[in-house]
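The values are calculated or read from the model by the stated rules, or taken from the named source; none is laboratory data. Bear in mind that the values here come from a model prediction, so they are computed numbers and not experimental data. Because the Cβ atoms are built from the backbone with ideal geometry, glycine has one as well, and the counts that use them run over all protein chains shown.
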Amino acid sequence: MDLKKLSGLQLFYIMIGFEIGNTIIFAIGAGAKQDAWLAILTAMFCGLLLMGIYVKLSAYYPDDSLIQMLPKIIGRFLSYPIMLIYILYFTYLASTACRDFGELIVSTILTETPLIIVVGSFMVLMIYSLRGGTEVFGRMGEMVFPVYILVLVAMWVLMAISLDQFDLKRLTPVLGEGIYPVLNEVFPYPSPSILAFPFGETVLITMFFPLLKKKENAKKVGMAVILLGGLLLSINCIIMISVLGPNIFEQEYFPLLSAARMVSIADFLERFDSLIILMMVAGVFFKVGAWTLGASIAIGQLFKLKSNKSILLILGVIIAPLSVFHAPNFVRFLEIGRTFIDPYLHVPLQIVIPLLLLSIAFVRKKFQT
């Protein structure tokens, strides 16, 4: 399948937008109370180890995506079921990210609009953009992500200087309940939550490494995505706890949105939550776009198709209704994530299978030489 090449910077922008896209508005690590930011940093360092696995695996097969290298590592017979599982995984997580977006929009600005209309309209725009190709998607990352970061930093500064309730003392005592709550947020049984979402989800980058113009930049791009993403999420967590306090931070579905609503400058500049919603639209665009593009590339490579444009249309038709109908409400949607997605999808597909593939690839290369 003919795909345009990406520069290292374009892939970096796509993946950092993917990593923090819909993550930054959630209260990740909230179970650790005031130490949530420490849980994020701990998960970030573990994420660097996972990225090391993905980078090393791609280094063994630099011209192959995860789907293409599977038959070379474990043979065709065993690889086909795993390929199909990864395609379903990418598609399903695209639908969950769409649901995050739809729930935010419906609960804030379009309260009378049916969820399916919001999600369907978003997917029409998404598929139209992706049909322009990987190069267009990469260039959009170059344009959108710097603005995204600028707005995010501006919101942090406004919260810090304009809100009387902003107090860094809410972050103390550090490790007041010991290290266990922090580790429990990173490695809860039976699945790692923060490690899986968002750091483990970067397993998707193995679909894009072969598209790099300079493949020697793969390690730099991968590690930079984990590091910057972890730092941004950690700083955001510190700001949210300082504004809301650990208890409210834990109870809110969208703490960043709640904190932004408090910002008021001279009773004149208000309603900054609209900026957060715009950020969410931009972030989810890269989240859903990357999952969908990864799934389309995987399908095209599995069936050896020359173009993925028709695949994108089919995926759009599948993802939109799937995002709406796989859970009757948002509470049930979050419960499915904790009880099904984390233990049965994230752990094996992000950690177990890549580690096994790397081990087998290492042995194969060792005996070949």
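Yes or no: residue 278 in a helix (DSSP H, G or I) and more than 27 Å from residue 109 (Cβ to Cβ)? Answer is no for this residue. Among residues of the stretch 163-174 that are touching a residue at least 40 places away in the same chain (Cβ under 8 Å), those with a beta-carbon under 7 Å from a residue that is assigned to a loop (DSSP other than H, G, I, E, B) at least six positions away or on a different chain give the pairs 163/263; 170/245. If the condition is being part of a helix (DSSP H, G or I) and of a type in the set (Ser, Thr, Tyr), then the stretch 93-122 contributes 95, 96, 107, 108, 121. Take the conditions (1) over 13 Å from residue 36 (Cβ atoms); (2) of a type outside the set (Asp, Glu); (3) over 17 Å from the mean Cα position of the chain (by Cα); residue 182 misses just one of them, which is (1).
Residues are listed down the side, and each one gets a yes or a no for (1) modelled with pLDDT under 95; (2) on the phi < 0 side of the Ramachandran plot; (3) surrounded by 18 or more Cβ atoms within 10 Å (Cβ to Cβ):
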| site | (1), (2), (3) |
| --- | --- |
| 49 | no, yes, no |
| 55 | no, yes, yes |
| 77 | yes, yes, no |
| 97 | yes, yes, yes |
| 103 | yes, yes, yes |
| 106 | yes, yes, yes |
| 125 | yes, yes, no |
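Scanning the stretch 350-362 for residues that are closer than 18 Å to residue 64 by Cα and among the hydrophobic types (A, V, I, L, M, F, W, C) returns 353, 355, 356, 357, 358, 360, 361, 362. Against the criterion of being within 22 Å of residue 11 (Cα to Cα) and out of contact with any Cys (no Cβ under 7 Å at 6 or more places or on another chain), residue 124 does not qualify. Where helices (runs of 4 or more DSSP H) sit wholly within the stretch 285-369, none has at least 2 residues that are of a type in the set (Asp, Glu).
To keep it simple, each residue is scored yes or no on (1) of a type in the set (A, V, I, L, M); (2) crowded, with 22+ Cβ neighbours inside 10 Å; (3) closer than 18 Å to residue 17 by Cβ.
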| position | (1), (2), (3) |
| --- | --- |
| 223 | yes, no, yes |
| 229 | no, yes, yes |
| 240 | yes, yes, no |
| 247 | no, no, no |
| 253 | no, no, no |
| 261 | no, no, no |
| 281 | yes, no, yes |
| 284 | yes, yes, yes |
| 287 | no, yes, yes |
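If you go through the stretch 290-315 and keep only what is within 21 Å of the chain's Cα centre (by Cα) and hydroxyl-bearing (Ser, Thr, Tyr), you end up with 292, 296.
Of the residues 142, 216, which is part of a helix (DSSP H, G or I), more than 29 Å from residue 345 (Cβ to Cβ), among the charged types (D, E, K, R) and free of Cβ contacts under 8 Å to residues at least 12 places away in the same chain?
Answer to the check: 216.
Close Cβ contacts (under 7 Å, 6 or more residues apart or on different chains) running from residues in the stretch 346-369 that are surrounded by 13 or more Cβ atoms within 10 Å (Cβ to Cβ) to residues that are at pLDDT below 95 and polar (S, T, N, Q) comprise 346/191; 347/191.
Conditions tested, residue by residue: (1) more than 13 Å from the chain's Cα centre (by Cα); (2) at pLDDT 95 or above.
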residue: 196; (1), (2): no, no
residue: 206; (1), (2): yes, yes
residue: 213; (1), (2): yes, no
residue: 223; (1), (2): yes, yes
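Please state which one of 200, 229 is under 30 Å from residue 343 (Cβ atoms) and in contact with a Ser or Thr (Cβ under 9 Å, 6 or more places away or on another chain). Before the answer, list the steps.
On the way: 200 fails: in contact with a Ser or Thr (Cβ under 9 Å, 6 or more places away or on another chain).
Going through 200, 229 in turn, just one is under 30 Å from residue 343 (Cβ atoms) and in contact with a Ser or Thr (Cβ under 9 Å, 6 or more places away or on another chain): 229.
For residues that are surrounded by 13 or more Cβ atoms within 10 Å (Cβ to Cβ) and among the hydroxyl-bearing types (Ser, Thr, Tyr), scanning just the stretch 142-199, find the one that is nearest to residue 239 (Cα to Cα). This residue is 162.
Scoring residue 25 on the criteria (1) part of a helix (DSSP H, G or I); (2) crowded, with 24+ Cβ neighbours inside 10 Å leaves a single failure, condition (1).
Name the one entry in 312, 275, 302 that is surrounded by fewer than 21 Cβ atoms within 10 Å (Cβ to Cβ), closer than 30 Å to residue 72 by Cα and in contact (Cβ under 8 Å) with a residue 12 or more places away in the chain.
When all the criteria are applied, what remains is 302.
Out of all the residues in the stretch 240-272, which are under 23 Å from residue 96 (Cβ atoms), part of a helix (DSSP H, G or I) and not aromatic (Phe, Trp, Tyr)? Scanning the stretch 240-272 gives 240, 250, 251, 255, 256, 257, 258.
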